[in-house]
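Data block below; observations after.
The values are calculated or read from the model by the stated rules, or taken from the named source; none is laboratory data. Given the structure is predicted, the values throughout are model-derived calculations rather than measurements. Note that each Cβ is placed from the backbone with ideal geometry, even for glycine, and that neighbours are counted across all protein chains shown. Surface accessibility is based on the protein's heavy atoms, side chains included, excluding ligands, DNA and RNA. Shrake-Rupley method; radii C 1.70, N 1.55, O 1.52, S 1.80 Å.
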Amino acid sequence: MKLQEQFVKNVKLACGQEGEKWLKELPELLSYCESRWNLTIGFPYTLSYNYVAPAVRKDGSEVVVKLWLPEDGYKNERETLQTLKSKGIVNLIDHDQKRRILILDKITPGHNLAKIQNDTEAVSIASEVLSRLGVKPEKCHLPSTREREKNLTKFYKKNPYGLGPISAGLILEALQVFTYLNQSMSKRVVLHGDFHHYNILQSGSSWTAIDPKGLVGEVEYDIIQYLLNCLPEEGKFKVISRRIEIFIEKLGLNKERLLLWGFAHTVLATCWTINKQSGDYNSTFYEGIYIFQKLYYDNFSRTIARRLN
């Protein structure tokens, strides 16, 4: 069984020996899926980490088979799909918890939102999809935005003097923002957790979200990843600013909290991407830190630090 080269590298990098073992077991897992659900699996999509492929059931219906890596992300995605069922997210048909398998509806035609060249139209579509996802986290075991705060705390403890372009002072300021927002949150809902252009697909005449990571928090936090995706090389500030105004208008969001979440998340997201050996990092995330800082100052005539003191 020949696997995509980058996919193999990603799996080994993410899961080490467990990942190598999982790759060897893939043919057997695929055969298990075909037997259990009476379907024929086609060639996989372009793969990043998990194995995802279209399949046809005996009755002719089309589905998607997703085999998760040996890590915790599987249970979060499964619970999010079950919680947000029929709320603008792809339908989970069945699953196998032991083997980390999901059987999902196949979305047709399945074009992602990045195909929409008119950015205003794309944001309006994303707003409509997001408006259908908000569900109260009753009996929910998903992580919350407090976990993101803990992630940044761990990074700071390991790098008390900062790392790469991220100074210790910047991390501490972002941690203050995380703490303030988490403590003052009034409305908590189940979030997608990775809401961006490539996780929103056209489904007939409407659009549907896929691949949730699952998170509990404020809607304002859930749009930050979208704001940082599909940006031009020049003029990022203007595009992000315009997107924010559309989201606020369509969803009735709190602009101040959105900008604060944007700052805190972009600091964390940049930290996630820093390669200690090469010094490389995601420049868009890093630029986003200062875009959210400036937007906050432009709208509230004060720095983020002054807001918290």
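Consider segment 218-271 and keep the residues that are out of contact with any Phe, Trp or Tyr (no Cβ under 7 Å at 6 or more places or on another chain) and among the small types (Gly, Ala, Ser). The one that is most open to solvent (accessible area, probe 1.4 Å) is Gly252. Selection of segment 254-309 for residues being out of contact with any strand residue (DSSP E or B) (no Cβ under 8 Å at 6 or more places or on another chain), more than 18 Å from Asn229 (Cβ to Cβ) and of a type in the set (Val, Ile, Thr) yields Thr303, Ile304.
Restricting the first member to segment 34-49 and to residues that are in a loop (DSSP other than H, G, I, E, B), and the second to residues that are open to solvent by 90 Å² or more (accessible area, probe 1.4 Å), the beta-carbon pairs closer than 7 Å and six or more apart or on different chains are Asn38/Lys58. Considering (1) of a type outside the set (Ser, Thr, Tyr); (2) farther than 19 Å from Ala126 by Cβ; (3) modelled with pLDDT of 95 or more; (4) outside any helix (DSSP H, G or I), the lone condition that Leu260 does not fulfil carries the number (4). Scanning segment 54-89 for residues that are charged (D, E, K, R), part of a helix (DSSP H, G or I) and open to solvent by 50 Å² or more (accessible area, probe 1.4 Å) returns a single hit, Lys75. A search for C-beta distances below 8 Å between a residue of segment 1-19 that is closer than 13 Å to Leu69 by Cα and without any contact (Cβ under 8 Å) to a residue 60 or more places away in the chain and any residue that is of a type in the set (D, E, K, R) and loosely packed, with under 15 Cβ neighbours inside 10 Å, counting only pairs 6+ apart in sequence or on different chains, returns Val11/Glu20; Lys12/Glu20.
If you go through segment 125-149 and keep only what is in contact with a helix residue (DSSP H, G or I) (Cβ under 9 Å, 6 or more places away or on another chain) and in a helix (DSSP H, G or I), you end up with Ile125, Ala126, Ser127, Glu128, Val129, Leu130, Ser131, Thr145, Arg146, Arg148, Glu149.
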